[in-house]
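Asks: Supplied in structure tokens, the structure appears directly below.
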Amino acid sequence: MSTMSFSIPRTIFYGEGSLGKLAGLKGKRAAIVTGGSSMKKFGFLDQAQALLAKAGIESIIIDGVEPNPSVETVKKGGETMLAFAPDWIVAIGGGSALDAAKVMWCFYEHPQLSFEDIITPGSMPSLRNKAKFIAIPSTSGTASEITAFSVITDTQKHIKYPIVAADMVPDIAILDPALPMTMPKHITANTGMDVMAHAVEAVASNAATAFTDPYAVQAIKMVLDTLPTAYAEPKNLEARLAMHEASALAGMAFTNASLGLVHSMAHKIGGEFGVTHGLANAILLPYVIAYNRKFSNKYTYAEKLLGLQDLSAAIQEMNKKMDIPSCFKDCTEVDFNEAKFKEVLARMSQHAFEDPCTLTNPGKPTAADVQMLFEAAYYGKAVN
Ligand SMILES: NC(=O)c1ccc[n+]([C@@H]2O[C@H](COP(=O)([O-])OP(=O)(O)OC[C@H]3O[C@@H](n4cnc5c(N)ncnc54)[C@H](O)[C@@H]3O)[C@@H](O)[C@H]2O)c1
Ligand SMILES: [Zn+2]
């Protein structure tokens, strides 16, 4: 038996109006990191800056973090932070903004490092020598506000790298349901199914424990109960808060239990085709569950606790309700050209096989198994 650990942010503020907690911070300077334009457009950036000013904290904004943030973006953000010398980093936005802010934080604290220096899980040196970190998610999806992970894309190599470092677990997470309320329907659907993927993969993970299972199973229940409402009624505050909580709960499970093949494969097909992370997960989930059932009784465990007949069928039904296609060939978000799929299949399968998330997948899939699963999920074929 080995010693284990369970780490989550020190404080999670949640509920209506919790953004206001920014006014209670102690510090001098804050770097606010955000994405394209939604946080500005809906007034949350102005609110955050005003609340920080109330606390006597001067702030700058580092904006323009793109979906699937790149190595260049995080390097540049680190340099901006170095010039401003913040003692707080406030990340506000979707998972992309939060993830990028975490790695900017690392390059701010350790400007001599290159991206290659931090790719190996656990290789990042200690943080919090210069600043602490607050994460305020605007999607109910990645749970980057809770986790020790950040996903950064090497745009030259077309590879998404999951960066893993215990020190990247934020100090404070703020779950204010006003932020996700402005998500358009398709983003609600995709990010919501990312929560489902986190929870399901955390339950089935080889590293699941008595500490992680309750969070994961509760998150599955809350997604099943509330995602259809959050999707159909975007302004339903109760459903938005429940999905925000479900996302964080799933995060508490998977940051400690890790994930599995759904994520390994989503990272690589995302890198090759640019498909949205949650959408890729939603499509992959039923195929990977069908494959993994041979090696794990944890799906049955979750089904029993939730009073569900068939988890996979429940996921397929939710996908259908939210217009998520059942295979990549039918997906119109990006061009899933068959010739390109065939051309990249072997490389993508090998990369997914080597992804750190594969280590905790139940069973021991080979690169050939991963290729078979990619083919099944592309053409909509049954998994044998
Ligand atoms: N850190 C982790 O543990 C972890 C886990 C899973 C995935 N990820 C990564 O996170 C990224 C995806 O993050 P995401 O799914 O949150 O999406 P995202 O951050 O890429 O945002 C998607 C789009 O939604 C918009 N948006 C976000 N919030 C909005 C709001 N409230 N109203 C209107 N528009 C809004 C953004 O501007 C963007 O255009 C991927 O790079 C993925 O690989 C990280
Ligand atoms: Zn995910």
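Laboratory data are not the source of any read-out in this text; all were calculated from the coordinates shown. Worth saying up front: this structure is predicted, and the values here are computed from it rather than measured. Cβ: placed from backbone, ideal geometry, glycine included. Neighbour counts: every protein chain shown.
Asks: Compute the acute angle (0 to 90°) between the alpha-carbon long axis of helix 311-321 and the principal axis of greatest extent of the alpha-carbon atoms of the chain; round to the nearest 10°.
Replies: Helix 311-321 sits at roughly 70 degrees to that axis.
Asks: Right, next: Under 5 Å between amide H atoms, partner at least 5 residues away or on a different chain: which partners does residue 33 have, H built in plane at 1.01 Å?
Replies: 62, 90, 91, 92
Asks: May I ask you to compute the full-extension gain from residue 28 to residue 297, defined as 0.36 nm times their residue separation minus their alpha-carbon distance, rounded to one decimal in nm? Show your work: numbers first, answer last.
Replies: Values: separation 269, 0.36 × 269 = 96.84 nm, distance 5.14 nm.
Additional length available on full extension: 91.7 nm.
Asks: Scan around residue 59 for amide H atoms under 5 Å from its own, H built in the peptide plane at 1.01 Å from N, and keep only partners 5 or more places away or cross-chain.
Replies: Sorted by chain and number, the residues that satisfy this are 30.
Asks: At a 10 Å Cβ-Cβ cut-off, how would you order 113, 51, 284, fewest neighbours first?
Replies: 113, 51, 284
Asks: Follow-up. Go through region 37-46 residue by residue and turn each phi into a ³J(HN,Hα) via Karplus (6.51, -1.76, 1.60, θ = phi - 60°); whole Hz please, and just put x for glycine and proline.
Replies: The phi angles translate into 9, 5, 5, 6, 4, 8, x, 6, 5, 4 Hz.
Asks: Would you work out the charge dipole size for region 184-379 about its Cα centre, treating the Cβ of every Lys and Arg as +1 and the Cβ of every Asp and Glu as -1, and quote it to the nearest 20 debye? Please report the intermediate quantities before stating the final value.
Replies: Details: 16 positive and 21 negative charges, 47 e Å.
Dipole about the Cα centre, nearest 20: 220 debye.
Asks: Something else now. Report, in listed order, any pair from 294/342; 268/329; 157/340; 185/381; 221/298 with a Cα-Cα distance greater than 19 Å. All intermediate terms of the calculation are to be shown ahead of the outcome.
Replies: Details: 294/342 27 Å; 268/329 16 Å; 157/340 16 Å; 185/381 28 Å; 221/298 15 Å.
Violating the 19 Å limit, Cα to Cα: 294/342; 185/381.
Asks: Identify all lysines with a Cα-Cα distance to residue 130 below 20 Å; exclude those on the same chain that are fewer than 8 residues away in sequence.
Replies: Counting by Cα, and skipping residues close in sequence, residue 130 has these lysines nearby: 26, 28, 75, 76, 102.
Asks: Would you pull out the residues with amide H under 5 Å of residue 163's amide H, same chain only if 5 or more places away, H placed 1.01 Å from N?
Replies: Amide H neighbours of residue 163: 150, 151, 152.
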